[in-house]
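Okay, structure first, notes after.
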Amino acid sequence: MRILYVVPFVPWPLRVRSYNLIPRLARQHEIYLLCLSGAAEEDAHAQLVQEFCREIRFVRHSKSRAFLQCAVALATPVPLRMAYFASPGMQEAVRQAAAEFSPDVIYVERWRALQYVPADLQVPVLCDPTDSMLLYNQRLMRTGRWWERLVAFEESHKFRVHEAKLARRADTVIFCSRVDLECVQKNAPAARYALVPNGVDCTAFFPKQPQEEEPNTIVFTGNFGYNPNRHAVRFFLKRIFPLIRQQIPQVRFIAVGSGAAQYLGKDSRTRSGLEVVDFVPELRAYIAKAAVAIAPITVGAGVSNKLAEAFATGTPVVATRLACGDLPVCDGVHLLLASDPKAFAEKVVRLLRQPDLRRHLALNARRLVEETYDWEIVAGRMEQLMREVVHSSARVGEPMAAIA
């Protein structure tokens, strides 16, 4: 197949879905990658997937233009997230690429990139929003800061209508969690849906050896440019970590991820036991070092990638139920679950003190990701959906319905 792959960013390791799918799909298919990019520095990230693409094209998008579009959209039904990424240049680039490349299918990652696909193109479209923005904003209304709740209130009302229109726009809509899928399906029941979870590279995140682990060490990994990760660490440091230190004074907490130094730099100088590590190309070493990995997610949608990476590495996890999405995990079998700060702290302390329990959870969790969530399996499922869309779409050769 010839795949026109459209993303509102430049793929690199933090964009785990495209970064892992592109090399695997390219083994048997031809990929034309079209990216929205803010600067030439971002373009350089594409070198990591260059060899897997027939061609990569970038369309520049300035922040000043993006904020102006948001200001204009305030008084309209268009969600701010959609307005921020609106780009006539990307829409024209998609049209040109479709004419030059003659793709069999257009794959679009994220709702905001679906607006780049002209409605009259006679090519089947597979949209992979991954998460529901309606669900994300509904949760942010309950747990965000006051100004976040105001924005989330407005965005949730807009996305309730807009997300349903977007779902009807594509031939197939893909989510990584059934919870997100069902949230959108309520408002657009006639659209066609599929589940393709996020995955983990079980070869790169291989099981750790006992000597890699350091006692009384806790790790959190994630992109600190992503709001739910910032919320999670803030919640842990303020409400949970002090309770753990009361019982285990020598405990260490390592926060690892892009933007961590900027977000937690001041805390690392004033808070005892906190270590901050900015972006590293090799996360596994830090996950393996920890006796416990945490995912205290209180805001967001979908499934947290950090769970699968810890599962694959063999580091036991304490998480909120929200972090798990609809992963088929059981409390006490694959991980430990907790919601309130006191229970979360107690379960972390329990794991730090019980190596047998850590081994039990690690073995079960590794088996789960090997059997279901390895990227090889996930990419195979995505490829199957693309083939189905190409071969069974009744609308091939007919103009697709425009967004109302």
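The values are calculated or read from the model by the stated rules, or taken from the named source; none is laboratory data. The shown structure was predicted, so the numbers you read here are calculated from the model rather than taken from an experiment. Neighbour counts are summed over all protein chains in view; Cβ atoms, including those assigned to glycine, are modelled from backbone coordinates with ideal geometry.
Scanning the stretch 289-304 for residues that are over 16 Å from V251 (Cα atoms) and either crowded, with 22+ Cβ neighbours inside 10 Å or assigned by TED's automatic domain parsing to the domain that holds R139 (or both) yields A295, P296, I297, V299, G300, A301, G302, V303, S304.
The condition (being surrounded by 16 or more Cβ atoms within 10 Å (Cβ to Cβ), outside the structural domain of L283 (by TED's automatic domain parsing) and modelled with pLDDT of 95 or more) is satisfied by just one residue among A71, A86: A86.
Right, S37: modelled with pLDDT of 95 or more, of a type in the set (G, A, S) and touching a Pro at 6+ places or on another chain (Cβ under 9 Å) or not? Here the answer is no, as S37 does not meet what is asked.
To keep it simple, each residue is scored yes or no on (1) in contact with a helix residue (DSSP H, G or I) (Cβ under 6 Å, 6 or more places away or on another chain); (2) over 25 Å from I377 (Cβ atoms); (3) of a type outside the set (K, R).
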{"residue": "P23", "(1), (2), (3)": "yes, no, yes"}
{"residue": "A40", "(1), (2), (3)": "no, yes, yes"}
{"residue": "A46", "(1), (2), (3)": "no, yes, yes"}
{"residue": "R65", "(1), (2), (3)": "no, yes, no"}
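Scan the stretch 44-59 for residues that are within 21 Å of the chain's Cα centre (by Cα) and closer than 25 Å to S102 by Cβ and the total you get is 2. The residue of the stretch 124-162 that is surrounded by the most Cβ atoms within 10 Å (Cβ to Cβ), among those that are under 19 Å from the mean Cα position of the chain (by Cα) and among the aromatic types (F, W, Y), is F159.
Reported count of residues in the stretch 306-321, each being touching a Gly at 6+ places or on another chain (Cβ under 9 Å) and either surrounded by fewer than 22 Cβ atoms within 10 Å (Cβ to Cβ) or in a strand (DSSP E or B) (or both), is 0. All of (1) under 20 Å from the mean Cα position of the chain (by Cα); (2) of a type in the set (S, T, N, Q); (3) modelled with pLDDT under 95 hold for S339 with one exception: (1). Taking each residue of the stretch 358-369 that is within 10 Å of A310 (Cβ to Cβ) and looking for partners that are of a type in the set (S, T, Y) and surrounded by 17 or more Cβ atoms within 10 Å (Cβ to Cβ) with beta-carbon atoms closer than 7 Å, six or more apart or interchain, yields A362/T315. Scanning the stretch 323-346 for residues that are surrounded by fewer than 22 Cβ atoms within 10 Å (Cβ to Cβ) and part of a helix (DSSP H, G or I) turns up P341, K342, A343, E346. Only one of Q247, Q185 is more than 23 Å from the chain's Cα centre (by Cα) and modelled with pLDDT of 95 or more. Can you tell me which? It is Q247.
Candidates S258, S272, S268: the one that is among the polar types (S, T, N, Q) and touching a residue at least 40 places away in the same chain (Cβ under 8 Å) is S258. The residues in the stretch 167-180 that are part of a helix (DSSP H, G or I) and surrounded by 22 or more Cβ atoms within 10 Å (Cβ to Cβ) can be counted, and the count is 3. If you check L283 against the conditions, is it under 22 Å from P341 (Cα atoms) and buried (at least 17 other Cβ atoms within 10 Å of the Cβ)? Here the answer is no, as L283 does not meet what is asked.
Summed over the stretch 281-302, the residues that are in a loop (DSSP other than H, G, I, E, B) and touching a helix residue (DSSP H, G or I) at 6+ places or on another chain (Cβ under 7 Å) give a count of 9.
Against the list (1) within 16 Å of the chain's Cα centre (by Cα); (2) of a type in the set (S, T, Y); (3) under 19 Å from A343 (Cβ atoms), the condition T320 fails is (1).
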